[in-house]
1. At least 1 residues that are modelled with pLDDT under 95 and closer than 19 Å to residue 32 by Cα in each: list the strands (runs of 3 or more DSSP E) lying fully within the range 183-243 that qualify.
2. In the range 14-43, which residues are touching a strand residue (DSSP E or B) at 6+ places or on another chain (Cβ under 7 Å) and not in a strand (DSSP E or B)?
3. List, please: which pairs have Cβ atoms under 8 Å, are six or more places apart or on different chains, and start with a residue in the range 205-219 that is free of Cβ contacts under 8 Å to residues at least 40 places away in the same chain and within 7 Å of residue 40 (Cα to Cα) and end with one that is acidic (Asp, Glu) and not in a loop (DSSP other than H, G, I, E, B)?
4. Restricting to the range 95-112, what's the tally of residues that are surrounded by 19 or more Cβ atoms within 10 Å (Cβ to Cβ) and either hydrophobic (A, V, I, L, M, F, W, C) or at pLDDT below 95 (or both)?
5. Kindly establish whether residue 69 is on the phi < 0 side of the Ramachandran plot, under 16 Å from the mean Cα position of the chain (by Cα) and crowded, with 20+ Cβ neighbours inside 10 Å.
6. State which residue is farthest from the chain's Cα centre (by Cα) when the search covers only the range 213-242 and only residues that are under 25 Å from residue 51 (Cβ atoms) and among the acidic types (Asp, Glu).
7. Looking at (1) of a type outside the set (D, E, K, R); (2) within 19 Å of residue 223 (Cα to Cα); (3) touching a Gly at 6+ places or on another chain (Cβ under 9 Å), which is the only condition residue 174 fails?
8. Would you mind stating whether residue 50 is farther than 30 Å from residue 145 by Cβ, of a type in the set (Val, Ile, Thr) and in contact (Cβ under 8 Å) with a residue 12 or more places away in the chain?
Amino acid sequence: MTKNQNGALMIEAEGLRKSYGSRTALKSVKLKINRGESVAILGPNGAGKTTLIKVLSTLSRPAAGKVRLAGLDISQNSVKVRRHIGVVSHQPFLYDNLSAYENLKFYAEMYDVPDRERSIESVAEQVGLQERLNDPVRIFSRGMQQRLSIARAVLHNPPILLLDEPETGLDPHASDMLASLLRELIDEKRTVLMTTHQLEWALRMGDRVMVLYRGRVVYEEAGCNLNAADLGRSYRECTGAHL
């Protein structure tokens, strides 16, 4: 893999493979995502979307291939890579019995975030939870928990965000709120890779849209060249499924 000399490439993968026993989840995946670019990946259940996020976030080791995030080889610099990424899953993985503030404080201490009090207040305001910081997470709605997960993901100011179907399980109102929040983060010129199963989300969020099917990238197009009808048709042609 060629190193990008000007640092424009933030996510690079070449020949990425991942297997679980006899099942191959990712098959020679190739990615090149530039600084400040947002890429949305569509695909049916079992396509390999979650596996891809797990590998990129250093939670799972690839079977083969090379992966670099922020110029760092993830197999050799996993600890450093984690300081450059924020991860949001469809499962928030928050401590239910702690308050929103205590959840953020724990993460701030783990990442040695400077000026923690101000940083926590800033991200809470950014996601609209500044008035709920002292409330226990167990009473939060699903949408509020996802907003808190995003606050946690950006607390250490990472240049890369990895999001695995963050809209799953949200009602339309909460989904719209989350989309607006993520759009603001994208507009801050962070590099964003997001998986989704919703066509509308892919079009709304992606500078580029990809389709992952049976562990391979089978389609790619610039978001500005797409509309819902075109993307839906291409998705059906590539996967045999409907969105």
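The values are calculated or read from the model by the stated rules, or taken from the named source; none is laboratory data. In this text the structure is predicted, and so the values were computed from the model without any measurement. Cβ: placed from backbone, ideal geometry, glycine included. Neighbour counts: every protein chain shown.
1. In the range 183-243, the matching strands (runs of 3 or more DSSP E) lie at 191-196.
2. Result: 35, 36, 37, 43.
3. Taking only residues 6 or more apart or on different chains, not a single pair turns up.
4. The number of residues fulfilling the criteria is 3.
5. Considered against the rule, which asks whether it is on the phi < 0 side of the Ramachandran plot, under 16 Å from the mean Cα position of the chain (by Cα) and crowded, with 20+ Cβ neighbours inside 10 Å, residue 69 comes out as yes.
6. Among them, the one singled out is 237.
7. (2)
8. no
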